[in-house]
1. Condition test on ARG169, is it in a helix (DSSP H, G or I), closer than 16 Å to VAL228 by Cβ and in contact (Cβ under 8 Å) with a residue 40 or more places away in the chain?
2. Please list, ordered by first then second residue, the pairs with beta carbon atoms under 6 Å, 6 or more apart or interchain, first in segment 2-27 and closer than 15 Å to ILE109 by Cβ, second at pLDDT below 95 and part of a loop (DSSP other than H, G, I, E, B).
3. Being at pLDDT below 95 and touching a strand residue (DSSP E or B) at 6+ places or on another chain (Cβ under 6 Å) is true for just one of LEU193, LEU197, LEU162. Which residue is that?
4. Which pairs do you get when a residue that is among the hydrophobic types (A, V, I, L, M, F, W, C), found in segment 204-216, comes within reach of a residue that is part of a loop (DSSP other than H, G, I, E, B) and crowded, with 20+ Cβ neighbours inside 10 Å, reach meaning Cβ atoms under 7 angstrom, with the pair 6+ apart or on two chains?
5. Kindly check whether there is at least one residue in segment 224-231 that is crowded, with 23+ Cβ neighbours inside 10 Å, free of Cβ contacts under 8 Å to residues at least 24 places away in the same chain and in a helix (DSSP H, G or I).
6. Take segment 143-174 and flag every residue that is among the aromatic types (Phe, Trp, Tyr) and either in the same structural domain as GLY15 (by TED's automatic domain parsing) or over 25 Å from ALA305 (Cα atoms) (or both).
7. Criterion first (assigned to a helix (DSSP H, G or I) and either outside the structural domain of GLY191 (by TED's automatic domain parsing) or touching a residue at least 40 places away in the same chain (Cβ under 8 Å) (or both)) does LEU245 satisfy it?
8. Kindly list, by first and then second residue, each pair from a residue in segment 87-102 that is closer than 13 Å to TYR122 by Cα to a residue that is modelled with pLDDT of 80 or more and assigned to a helix (DSSP H, G or I), limited to pairs with Cβ atoms under 8 Å and residues at least 6 apart or on different chains.
Amino acid sequence: MEISHYFEFERYVTGGIRRSVAHQRKMLDRLGLAYTTEPSLEADVFHCNLMGPRSAWYARRARSRGVPVVAHTHVTAEDFGDSFRFTNALSKPLRPYLERVYGLADALICPSEYNRRLIETYADAPTTVVSNGVDRERLEGFEALDTEYRERYDLDPPTVFLVGHVIKRKGLETFVETARRMPDVDFAWFGPLDRRLKGRETKALIDGSPDNCTFTGYVDDVRGAYAVGDVFFFPTHEENEGIALLEAMSAGAPVVVRDIETFSWLDDDEDCVKVDGSGPDAFVEALERLVDDPQLRERLGANAARRSEAFSLERVARRYRSLYDEVVA
């Protein structure tokens, strides 16, 4: 079996989608499945990760030739808004476009149950939930970077942190305002900070953030973030899954999340602390509990690490083997 594992706009797309594709290809290697990263109609399966116009073109022709089409549903109109400049304006026309192109697939891969429920309102194609997974090997040895990264960014423990693109949708305003209410605690957001792609509100939030709130920009070794991060603070408003969350859990960090449907699989006060509220006050209360209680941090972090084992690439890879066999059959 050969897979055409295509990632349109691969040179330009970063963040969670790029990381998911890297995970998939690592799993294909482990499964011993042959694949090409080029769009090909000669393969046994055409698997596209981003349904741009070129992917849609190949998907139509693959179906006409009897080649099964598998598509990832990384992108929804719901999580497209409040991301970068112009994304709010594009999110409305994006939905009818995605309804058409997701409808070209013989099977849709959804990274979470929440994403699947959403996608089932887009298209009638069969859906399968397959997590993006967490690459535990990528994080090996992260503890050794603690001193280096604390000195580089002047961070004192316990540090509250987040990893990912700095965008409003991920709870930027809540992150900044919570830091403002906790001036004695260091907050650090590790992730790309390309101001050319930021809207006016996003830049104002970053520029107006308090002194204890650090935006590191791109880091050459993301393990450093998990080395210095003592509490993972993820007040995102909309998420399809959250690879950084899985990485933080795998690293044994206790996590504080907004209580949204995406995270319904997490158990409050067991795997994480969930906060039900839009403003920062409730998050301050939750974070203060963890900052002031090392034993609570240790318990929740250990539970999170155990829960994350189900998302290892070794376990997720089996789902791909089954899915490819099904669509080919």
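1. On the way: in a helix (DSSP H, G or I): yes; closer than 16 Å to VAL228 by Cβ: no; in contact (Cβ under 8 Å) with a residue 40 or more places away in the chain: yes.
Answer is no for this residue.
2. The qualifying pairs are ILE17/HIS74.
3. On the way: LEU197 fails: touching a strand residue (DSSP E or B) at 6+ places or on another chain (Cβ under 6 Å); LEU162 fails: at pLDDT below 95.
Unique residue meeting the criteria: LEU193.
4. ILE206/VAL166; PHE215/VAL166
5. No, there is no match, as no residue in segment 224-231 is crowded, with 23+ Cβ neighbours inside 10 Å, free of Cβ contacts under 8 Å to residues at least 24 places away in the same chain and in a helix (DSSP H, G or I).
6. Taking segment 143-174 and keeping what is among the aromatic types (Phe, Trp, Tyr), we get 149, 153, 161.
TYR153, the sole residue that qualifies.
7. Details: assigned to a helix (DSSP H, G or I): yes; either outside the structural domain of GLY191 (by TED's automatic domain parsing) or touching a residue at least 40 places away in the same chain (Cβ under 8 Å) (or both): no.
Taking the combined requirement at face value, the residue does not satisfy it.
8. As it stands, the answer is LEU94/ALA77; ARG95/ALA77; LEU98/ALA77; ARG100/ALA56; VAL101/SER55; VAL101/ALA56; VAL101/ALA59; TYR102/ILE119, since those pairs meet every condition given.
The values are calculated or read from the model by the stated rules, or taken from the named source; none is laboratory data. Everything quoted here is computed from the prediction, not taken from an experiment. Heads up, the Cβs are rebuilt from the backbone with ideal geometry, glycines too, and the neighbour counts pull from every protein chain shown.
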